[in-house]
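Readers should treat all values here as calculations from the given coordinates under stated rules, not as data from a laboratory. Keep in mind that what you see is a predicted model, and the values were worked out from it rather than measured. With ideal geometry, Cβ positions are generated from the backbone for all residues, glycine too; neighbour counts draw on all protein chains shown.
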Amino acid sequence: MKTFMKTFMKTMIMFKNTKILRPISLILAILVLFQFTAHVNVQAKDFPDVSRDHWAYDAINTLSNKGIISGDGNGNFRPNDTIAVDEFIKLMVTAMGHNLSVGTDYWATPFINKALQLGLFPDGEFNDYRRPITRLEIARLVSRAMSNEQFPVDIEVHSWQLKDFYEQALWERDYISRVFLKGIVVGLPDGTFGPDRNASRAEAAVMVHRYIDPSKRIPAQDKVPEGIVFKPVTDYQMATIYEWDPTQPGYYWHIDLAAKHFTFFQRSGAPYYYNIENYLPSTDFNPLLTMQISNVMKAMHGSQFAVAAQFHKPIYNPPNLFELILAEDSKSLIWMDDSKYLFTLNLYENSNPYSLFQGTKAKTVIRNLKDVNGNYSSAKLKKLWDCYVALFGYDTGNKIYEYVMLHYYNLNIYLEEVANNALGYFKEWENQINNVTVYTICNSQGLAIFFKY
């Protein structure tokens, strides 16, 4: 600073008595000041605890020079420390070009409000902004920030490479798939995504850096699976179930775009019973139906209940029909004991003109969600919830589940009304939930729900 002031004063004295050159002296002084300021800024944003060979140096240095991130009071960055939710929200909002002043009562309030306005997260998603943020939560925020970017229809095409991808909830997979596909995240050294792991400050810096600078991304590439014959199915690709082989650890869904059909198989001695039938769409490939079937099959697999799934091509019912039955055990499916069915699901390739409600594409019939003691079974309720979320996504599926269960809990009351008031053999309701019209009827067989979308 002393050196600069000496230079500055010499410059001013040199030109103070020269009227013609006074404007020049002012310009030179400003240039000297600008050069000094720029130099000071660069030096001030170097972090002694981030060496040039640090894996995140480029990202940290770039964001620091852009004024997006800063260090602590001692000038350190602390790359291995966790980053709080409010800190990352500020990071994202600033990276998106919004330079805001800190709040008075709570410093992060302006950044949180701006993030809500930008649609980075819905109100209520975080109940504590001061706790460490997880890798999954960062994936959500960055994924939503990339809403204007182009994605392939099949965003899960490479996600199977993350070893823990299929352990994640259905409604979280899209967020993970987007950031992995675009190369915002490449996974941990052990091949997992690690959604529940708290993100470090270095990881957060790298993700934001890749978000604002696509040239720094490492897009996911196709690779040959290790240890299995076929890749797991994605939400969009036509799929088959790998025919059971005792040498294989279970079965695998795999890609079969050429054949364009599903194959279901019977597996003896296991609580999963599939009719051996191939399905070939009668019209062009229907991606929505494929996504729904794929999601539902994944959601139903791996529970204590038995699953039967098959395709029909009825003579008097033009739309091809997919039917799924979830039952308490395999015997119930083999002997068709519907008293032990939890629920059934029907999906149509096109809207069903023969349905009780015109234009519907799906139907569930809830049979029995109670345990042997007559109490509602949490495991059975969870499977119905999984089914609706798999069909319609988290937000809509969750609302549909709550609406349906409101009627199911009152089923006996409704049936008494039907019997006492001569209402006919059923009672019906209609409700609009987001983009899905829900028709509900009840009769002695249970609760039937039809969906138009």
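Some points to look at:
- Listed cross-link partners K363/K383; K361/K427; K340/K380; K163/K380; K182/K216; K363/K452 are compared with a 18 Å cut-off, the Cα-Cα value being larger for K361/K427; K163/K380.
- Proportion of all alpha-carbon pairs of segment 57-216 beyond 24 Å (%): 31 percent
- Principal axes of segment 327-369: Cα extent on each, largest first, Å: 34, 18, 12
- Ordering 130-139, 51-60 by mean Cβ neighbour count within 10 Å, with the highest value first, yields 130-139, 51-60.
- Between segment 68-118 and segment 368-397, the C-alpha centres lie 40 angstrom from each other.
- Surrounding net charge for F451, when Lys and Arg each add one and Asp and Glu each subtract one, Cβ distance under 10 Å: +3
- The alpha-carbon atoms of segment 38-136 define a convex hull whose volume equals 126 cubic angstrom per residue.
- Straightening the chain between N412 and T109 buys 104.2 nm, computed as 0.36 nm per residue apart minus the Cα-Cα spacing.
- Remark: spin-label model distance L356-S70 equals 6.4 nm, labels positioned 7 Å along the Cα→Cβ axis.
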